[in-house]
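Engineer: Encoded as structure tokens, here's the structure I'll be asking about.
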Amino acid sequence: MVISVQNITANTAMVIWPAIPSCADSFYSIMYQSNWNSMMPGYSREHFQKQERIPASRTFYIVENLTPLTTYILCVTCQSANPSSDQCKIFHTLAQDPSSVNSKKKDLALGIWLTSSIILLIIACILLYGCLHIWWRKRQERARAQNVESNDKDKRQAWVKGEKSAESYEKPGLLPVNEDSKTEDTSKEESHAVPMVNDPLTANETNSLTPNDHEEVAVQPATMN
């Protein structure tokens with residue numbers, strides 16, 4: 001199986017291999033390792049630091065996060081078998097592009113700026129919420145105090161009015177007088193005020209009568225009735 005490594009950059013490389021019919025309904029193993037010259041001879045799996053599993057339906061893979069100016073060995077095998085020499089490929093990564101370095105730095109700076117802006121915005125929202133909450137609580141307490149003060153003032157006014165009405169009722173000239181008792185009193189006063197007038201003629205007669213005559217005179221009106 002002949003594999004090829006294409007589109008090599010400082011950090012990525014794309015590996016392509018032909019389809020293997022024996023790997024149908026299974027997976028491919030992609031293994032790669034840097035600094036192959038310092039490794040022990042042989043193609044055992046234990047010698048590879050990075051391994052990836054790719055579905056059998058695919059015949060290419062993009063390796064990422066590579067180190068610039070580094071020699072790599074990459075092998076593609078079917079399932080979990082150890083690779084052979086014809087299943088491996090050695091390639092070298094390129095130097096880092098200054099423009100890409102600058103773009104990465106810009107991206108990093110932009111990411112830091114966005115993160116810090118979001119954090120500051122969250123802190124500002126929390127502070128604003130706290131200030132509004134404190135302001136709302138003070139406003140409610142002020143409204144409660146005003147309500148309590150107005151209720152106390154109403155109670156004082158009602159109490160003062162009650163005291164004044166009680167004092168006015170306690171004065172002797174302002175006591176309520178019943179009409180019936182008033183008429184009775186006036187009638188009594190009139191009856192006491194009218195003097196008894198005696199007829200001089202009858203007075204002389206009564207004075208000239210004897211005690212027996214007085215009794216007869218008292219009996220006569222009773223019989224007449």
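Each reported figure results from applying straightforward, stated rules to the coordinates on display, with no laboratory input. As the structure is a prediction and not an experimental result, all values here were calculated from the model. Here the Cβ is made from the backbone with ideal geometry for all residues, glycine too, and neighbour counts use every protein chain on show.
Engineer: Could you tally the net charge around Glu64, taking each other residue with its Cβ under 12 Å from the Cβ of Glu64, Lys/Arg +1 and Asp/Glu -1? List each step's numbers first, then the result.
Structural biologist: Details: positive: Lys50; negative: Glu52.
Charge balance near Glu64 sits at 0.
Engineer: Quick one: if you stick a label point 7 Å off each Cα along the C-beta vector at Ser26 and Asn65, how many nm between them?
Structural biologist: About 2.7 nm, to one decimal.
Engineer: Sort the following peptides by mean Cβ neighbour count (other Cβ atoms within 10 Å, averaged over residues), highest first: 141-149, 13-21. Show your work: numbers first, answer last.
Structural biologist: Details: 141-149: 10.0, 13-21: 15.8.
Those peptides, ordered most packed to least, come out 13-21, 141-149.
Engineer: Subtracting the Cα-Cα distance from 0.36 nm times the residue separation, let me have the gained length for His92 to Met14 in nm, one decimal.
Structural biologist: Net length gain for the segment: 26.8 nm.
Engineer: If I stretch the segment between Ser84 and Asn35 completely, what's the gain in nm (0.36 nm per residue apart, minus their alpha carbon distance), one decimal? Walk me through the numbers before you get to the answer.
Structural biologist: Values: separation 49, 0.36 × 49 = 17.64 nm, distance 1.85 nm.
Full extension from Ser84 to Asn35 adds 15.8 nm.
Engineer: Also, I was wondering about something else. Evaluate the distance, in nm, between pseudo-label points positioned 7 Å from the Cα of Gln6 and of Ala158 along their respective Cα→Cβ axes.
Structural biologist: The two pseudo-label positions are separated by 9.6 nm.
Engineer: Quickly work out the Glu141-to-Asn102 label distance, labels modelled 7 Å from Cα along the C-beta direction, and quote it in nm with one decimal.
Structural biologist: Simple spin-label model gives 5.9 nm for this pair.
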